[in-house]
Amino acid sequence: MIDPLSALAIIKSGISAGKQIHSMSKEVAAFFDSVDGARKAHSEKKNSIFASANEEAMATWTQTQNAKQAEEELREFIISTKGYYAYQDLLKLRREIAKSRKEAERREAKEREEQRELIMAIAALITVLAAGLSVGLAFLYYKGII
């Protein structure tokens, strides 16, 4: 994952070159992914039972602060170059991307659960068939047929 400041530089150069925010959705998504990733990493380290190392906590805190700074810089840059409504468009784009990713994650989780249930059903069927075959063979052996 790219760090927030690098992603910010990519977005700034694209906007400076005259690109529209909507045409840079991939870059914007990468920027917000990096910001969210920095926040998540700090939250995980902060809440970890193994987070005894102050250096790790400080590193993730620094990344979080850099992400906040990058977000603020992006806001200021877009408002100063494209206007307030362009920044609102960016926020709308971020919400749309987050919504679509959340929906995709929900679908994938549902598919994994359905696949797991199918595997469990097949395993149960095989177990029942094996038990039935064993009982049938034992009965035939008991009757002396085998």
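We did not get these values from a lab; they are worked out from the coordinates using the rules stated. Fair warning: this is a prediction, and the values are worked out from it, not measured in the lab. Cβ placement follows ideal geometry from the backbone for every residue including glycine, while neighbour counts extend to all protein chains displayed.
Numerical summary
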{"read-out": "14 Å beta-carbon shell around S25, net charge (K/R +1, D/E -1)", "value": "+3"}
{"read-out": "Pairs beyond 20 Å (Cα-Cα), from K12/K68; K12/K40; K40/K110", "value": "K12/K40; K40/K110"}
{"read-out": "Sum of side-chain charges, A7 neighbourhood, beta-carbon under 9 Å (Lys, Arg +1; Asp, Glu -1)", "value": "-3"}
{"read-out": "Cα extents of the chain along the three principal axes, largest first (Å)", "value": "93, 41, 19"}
{"read-out": "Neighbour net charge for A67 - beta-carbon separation under 11 angstrom, K R +1, D E -1", "value": "-3"}
{"read-out": "Length-normalised contact order for the chain - Cα pairs under 8 Å, 6+ apart - percent", "value": "22 percent"}
{"read-out": "Label point distance in nm, R106-K26, each placed 7 Å from Cα along Cα→Cβ", "value": "2.8 nm"}
